[in-house]
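Please read the structure below before turning to the comments.
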Amino acid sequence: FAYLEDGKPRGFMLESLLAVAAEVGHSGKVSVVPIPRMLQEMAEGHRMMTAFLARTPERADRYRWLETGVEEALSFATLASDPGPMTLDRAREFRAIATIGNGVPENFLRARGFNNFDSAGTEDAGLRKLLAGRVEAWFTSQWVIPAVIAAENAPRGLVKLWPPVTRYPLYFAATLDVPPDELAAWAKHLAAFRAASGIDRLAAPYRYRPEL
């Protein structure tokens, strides 16, 4: 959704926020940080907006929820030579699966009895572990995998992205200390941006591609 490439922030999450920020009259100042840090900073307030956040029971009352951003989908990535099929039952037998520590994908697997994680703090570590043979699969967002491969300049054709295991919506969300009038302006322009297919247009280059 948002990542750094050559030190510059990129990604359709960032582009969506900037497009709406311009309509709202926001300065356009953004910060690209790891999700755990983002959640910590949002918990502290600071009148922040983010996109796209999963709405879980424990988060429901911690933020103000606006428009749905995109449908998230969690997928396995393996080396292209993997014959498949790629199923949860097969993944249980793997020696190790690369995940982000305590992230939504890892917690999804943990809730289903998995414990064969090789956790890291960044997604690029998952790609490197997969290419080095340290893990049999990398499990994360279908949006993240092609972006990381591109950002790391990995040779094409080495990684296979399998169909999603699960899907759920992600939302634009704000901290509770954002004033109601400011929040209303964001909600209005987000709705208009979505109605004009702005999010779909920006997300299109990042959508599911089996062979990467």
For q = 0.09, 0.15, 0.18 Å⁻¹, Debye-computed log10 I/I(0) when each Cα of the chain counts as one equal scatterer = -0.37, -0.98, -1.32
Which value at 222 nm does the chain reach when only helices count, each DSSP H run of 4 or more adding -39,500 (n - 2.57), with the total divided by all residues and rounded to the nearest 500 deg cm²/dmol?
-> -10000 deg cm²/dmol
Go through 165-171, 183-189 and give me the packing order, highest mean Cβ count within 10 Å leading.
-> 183-189, 165-171
Run through every distinct alpha carbon pair of region 1-99 and return the Kirkwood hydrodynamic radius in angstroms, one decimal place.
-> 16.6 Å
Distance in nm between pseudo-label sites at residue 188 and residue 153 (7 Å out along the Cβ direction from Cα) = 4.6 nm
Simple label model, 7 Å out from Cα along Cβ direction - residue 200 to residue 111, nm = 2.8 nm
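Ordered by packing density, taken as the mean number of other Cβ atoms within 10 Å over each peptide's residues, highest first, how do 89-101, 132-144 rank?
132-144, 89-101
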With the other protein chains left in place, how much accessible area per residue, in square angstrom, belongs to the chain at a 1.4 angstrom probe?
-> 51 Å²
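May I ask you to give the average projected area over all directions of the convex hull of the Cα atoms of region 61-177, in nm² rounded to one decimal?
Mean shadow area of the hull around the Cα atoms is 8.1 nm².
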Given the peptides 33-41, 13-21, arrange them by the average over their residues of other C-beta atoms within 10 Å, most packed first.
-> 13-21, 33-41
Roll a 1.4 angstrom probe over the protein heavy atoms and tell me the percent of accessible area of the chain that is carbon or sulfur.
-> 52 percent
Note down the relative contact order for the chain as a percent, whole number, built from C-alpha pairs under 8 angstrom at least six residues apart.
-> 33 percent
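The values are calculated or read from the model by the stated rules, or taken from the named source; none is laboratory data. Keep in mind that this is a model prediction, so the values were computed, not measured. Cβ sites come from the backbone with ideal geometry, for glycine too, and all protein chains shown count toward neighbours. Note: accessible area is taken over every heavy atom of the protein model, side chains too, but ligands, DNA and RNA are not part of it. Shrake-Rupley method; radii C 1.70, N 1.55, O 1.52, S 1.80 Å.
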